[in-house]
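Only one structure is covered here, and it is reproduced in the block below.
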Amino acid sequence: MSFTKTTEQSSHYDHLEQMPIADLLSNINKEDKTVPLAVEKALPQIEALVAQVVEKMRLGGRLFYIGAGTSGRLGIVDASECPPTFGVPFDLVNGIIAGGDKAIRRAVENAEDNTQQAWIDLQEHNIGGNDVVIGIAASGTTPYVIGGLEKCNENNILTGCITCNEGSPIALTAKFPVVVVVGPEFVTGSSRMKAGTAQKLVLNMISTATMIQLGKVKGNKMVDMQLSNDKLVDRGVKMIMSEIPVDYQKASELLKEYGSVRKAVDNYNSK
């Protein structure tokens, strides 16, 4: 299949090694500014995918990200931040990377070329009909991701993707594709740059909008966040103070007693 892989096209800049640091930074920044505008064009696609994720989660389903290299790592970052931010179980949003957990820190040779492994990895989580699998691949051609999505489609598991090349195999495979065309990278082919930034922005949108829709945010606050360090405990105390008429000490006592901002406020108001 022939399509234009814009992420691999030659950079708009040349002789990078001759540029002063200030010019390097300015030009990278100039390219980065185009990313949110590219994401904006994909908002209808993102909305359609989020609606599906919310619907499936309300039925008891989970969300899985699958990817290789930078794409896989970005999925893991987003998944790992959901429990502390929104107080959800650790297996509600899952990031799976080609090559396994050791590939998070160091590339595993040829891991992304295995078309069967993603489905094997997903089966270890007892993947089912209420789950959603989102493949992440800037190029849109990663065999690990495409193979996983194809098997999900065969087994009636809803699929989405995040890619940066229009008409790519992954975009044609996923039932709900998100395509953010960011164009050539500052360093030719270095898709950890604009493409990676675009993927992170879309992942932020998917998980955050989903959790808000599921009631994990009240007003604009993370009322179900895990109180895992002093900073978050202090934030939780101040959230309570903003919701009910108590001082810092009383709010601290309530937070310690009930273990979450939501429960502290709800129990206070119910008395």
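The values are calculated or read from the model by the stated rules, or taken from the named source; none is laboratory data. Treat the numbers as computed from the prediction; the structure is a model and nothing was measured. Using ideal geometry, Cβ is built from the backbone for each residue, glycine included, and neighbour counts are taken over all protein chains shown. Keep in mind that these areas ignore ligands, DNA and RNA; they rest on the heavy atoms of the full protein, side chains included. Shrake-Rupley method; radii C 1.70, N 1.55, O 1.52, S 1.80 Å.
Data for the structure
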{"quantity": "Answer label for Rg/Rh (Cα atoms, Kirkwood Rh) (calculated), chosen among (i) 0.93; (ii) 1.04; (iii) 1.00", "calculated": "(ii)"}
{"quantity": "Cα shape, the stretch 79-125, gyration tensor, a/c 1.5 rule", "calculated": "oblate"}
{"quantity": "Inter-label distance, nm, simple model (7 Å from Cα along the C-beta direction), residue 126/residue 214", "calculated": "1.7"}
{"quantity": "Set of lysines near residue 250 by C-alpha distance (under 27 Å), chain-local residues within fewer than 8 positions excluded", "calculated": "216, 218, 221, 231, 238, 263, 271"}
{"quantity": "Angle between the chain longest axis and helix 143-154 axis [Cα atoms, degrees, rounded to 10]", "calculated": "70"}
{"quantity": "Cα-based helix-to-principal-axis angle, 194-213 vs the chain, degrees rounded to 10", "calculated": "30"}
{"quantity": "Average accessible area per residue (Å²) across the stretch 140-206 - probe 1.4 Å, nucleic acids and ligands excluded", "calculated": "32"}
{"quantity": "Helix 248-258 axis, angle to the chain major axis (alpha carbon atoms, nearest 10°)", "calculated": "80"}
{"quantity": "Helix-only mean residue ellipticity at 222 nm for the chain, each DSSP H run of n ≥ 4 adding -39500 (n - 2.57), per residue, nearest 500", "calculated": "-15000 deg cm²/dmol"}
{"quantity": "Rg(Cα)/(2.2 N^0.38 Å) for the stretch 9-161, N = residue count", "calculated": "1.19"}
{"quantity": "Rounded FRET efficiency, nearest 0.05, which uses the C-beta distance separating residue 29 from residue 58 and R0 of 35 Å", "calculated": "0.30"}
{"quantity": "Principal axes of the stretch 118-271: Cα extent on each, largest first, Å", "calculated": "57, 40, 23"}
{"quantity": "Farthest toward positive dipole pole in the stretch 173-271 [+1 Lys/Arg, -1 Asp/Glu at C-beta], among 237, 176, 251", "calculated": "176"}
{"quantity": "Within the accessible area of the chain (1.4 Å probe), percent carbon and sulfur", "calculated": "50"}
